[in-house]
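The values are calculated or read from the model by the stated rules, or taken from the named source; none is laboratory data. Note that the coordinates shown come from a computational prediction; the quantities given were computed from them, not determined experimentally. Here the Cβ is made from the backbone with ideal geometry for all residues, glycine too, and neighbour counts use every protein chain on show. Heavy atoms of the whole protein, side chains included, go into the accessibility calculation; ligands, DNA and RNA do not. Shrake-Rupley method; radii C 1.70, N 1.55, O 1.52, S 1.80 Å.
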Amino acid sequence: MESITSKVTIKEVVAEALQALQQNGQAAFITLLHDTLLMKKVKFPLLEYAAKEIAAAIPTSEQIAITDRIIGLGEIGSQVLAGMILQLRLTQDFEGAIGKAGEYIQFGDQWYVCDIIGERVVGYALLTHPEQTIPLLQRLALHENKWMVRTVGVAAHYAVKKGLKPVFAEPVFRLLLSLSTTTDFHTRKGIGWGAKTLARFHPQLVARYNAEIASAATRQWFRTKINIGLQYSRKK
């Protein structure tokens, strides 16, 4: 598979696709984007750069129609492009961007779709708009769809890793603790990922909630993730 390894090439590919959009419409744009970018081997940071270039060139009112088509292609890179474009929309349309992220996660119906979009949209929202996002996570924790519940852990992992403040980390930790009884494999993986990262960067929270963590109500898989996070914390 051919690789793209430079921003210069990305810029050229996106410019060609945007020209096709202007001259021949969305279908031509999507076809060219698929063939010249998404069918190549491209690292995620370069795909994120491509998404920024696309978002800067396409009017806000037309972006969701484009991301819908990009997601419809079903490529792994599709999730990165759409997720990054939605991230860029958070400041102007928070609810709309979050809603679309949830729609794409459920449509994708795979763990990697949940993680790629969950980090870039919900995780970034938690990091940059924690007061708005924590109530949203509390609602997602009760969602009937397993991928939406998994997103809570994915978002926690991303935001904490990137520097979420302790005052906001605590309610997120409590939320993850409340989900420690889940039995679904994919949900456990996401929640455990977030719990491990919280224990690594905020070990004081583990000490504060030690009684709850050690209680019979908390599953062993959750305690195991907490202990792994604490081991990483001691090595820092």
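Numbers below:
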item	result
Fluctuation leader among Ser180, Ser61, Ser78 - the chain, Gaussian network, Cα springs under 10 angstrom	Ser61
Mean separation of Cα contacts under 8 Å (6+ apart) over length of region 45-203, as relative contact order %	18
Full-extension gain in nm, Glu16 to Ala57, via 0.36 nm per residue minus C-alpha separation	13.5 nm
Cross-link pairs beyond the 19 Å C-alpha cut-off, checked among Lys11/Lys40; Lys189/Lys235; Lys100/Lys189	Lys189/Lys235; Lys100/Lys189
Built amide H within the under 5 Å cut-off of Glu75, gap 5+	none
Highest-fluctuation residue, Lys146, Lys225, Lys40 considered, GNM on the chain with Cα pairs under 10 Å	Lys40
Accessible area, probe 1.4 Å, largest first, for residues Thr128, Thr91	Thr91, Thr128
3J(HN,Hα) from dihedral phi, region 128-138, Karplus parametrisation 6.51/-1.76/1.60, rounded to Hz, x for glycine, proline	9, 9, x, 5, 7, 8, 4, x, 5, 4, 5
Built amide H within the under 5 Å cut-off of Lys40, gap 5+	none
Backbone N within region 96-123 under 16 Å of label point (7 Å from Phe44 Cα along the Cβ vector)	105, 110-123
Coordinate range along principal axes, alpha carbons of region 114-162, Å, largest first	28, 22, 13
Inter-part distance where region 205-236 and region 146-175 are each reduced to a Cα centre, Å	15
Sulfur and carbon atoms: percent of accessible area, the chain [1.4 Å]	51
Length added when fully stretched, Glu75-Ser233, from 0.36 nm per residue minus Cα-Cα	53.3 nm
Along the chain, longest interval not containing exposed GluC sites (Glu not before Pro), exposed being DSSP loop plus at most 11 other Cβ atoms within 10 Å	3-143
FRET efficiency estimate (nearest 0.05) - Cβ-Cβ, Glu2 to Tyr112, R0 30 angstrom	0.85
Cα-projected label distance for Thr181 with Arg223, points at 7 Å along beta-carbon direction, nm	1.7
Inverse of mean 1/r across different Cα pairs in region 126-236, Kirkwood, Å	13.5
Simple label model, 7 Å out from Cα along Cβ direction - Gln23 to Ile134, nm	5.3
Spin-label model distance (nm) - Phe94 vs Ala211, 7 Å beyond Cα toward Cβ	3.4
Where the chain is the region considered: accessible area per residue in Å², 1.4 Å probe	47
Most mobile listed residue (Ala56, Ala20, Ala216) in the chain, GNM with C-alpha springs under 10 Å	Ala216
Bins of 5 Å from zero: percent of alpha-carbon pairs in region 70-192	2, 13, 25, 25, 20, 11, 3, 0, 0
Per-residue [θ]222 nm for the chain (sum of -39500 (n - 2.57) over DSSP H runs n ≥ 4, rounded to 500)	-23500 deg cm²/dmol
More than 17 angstrom apart: percent of Cα pairs within region 1-113	50
Heavy-atom SASA rank of Arg223, Arg139, Arg89 (probe 1.4 Å, accessible area, largest first)	Arg139, Arg223, Arg89
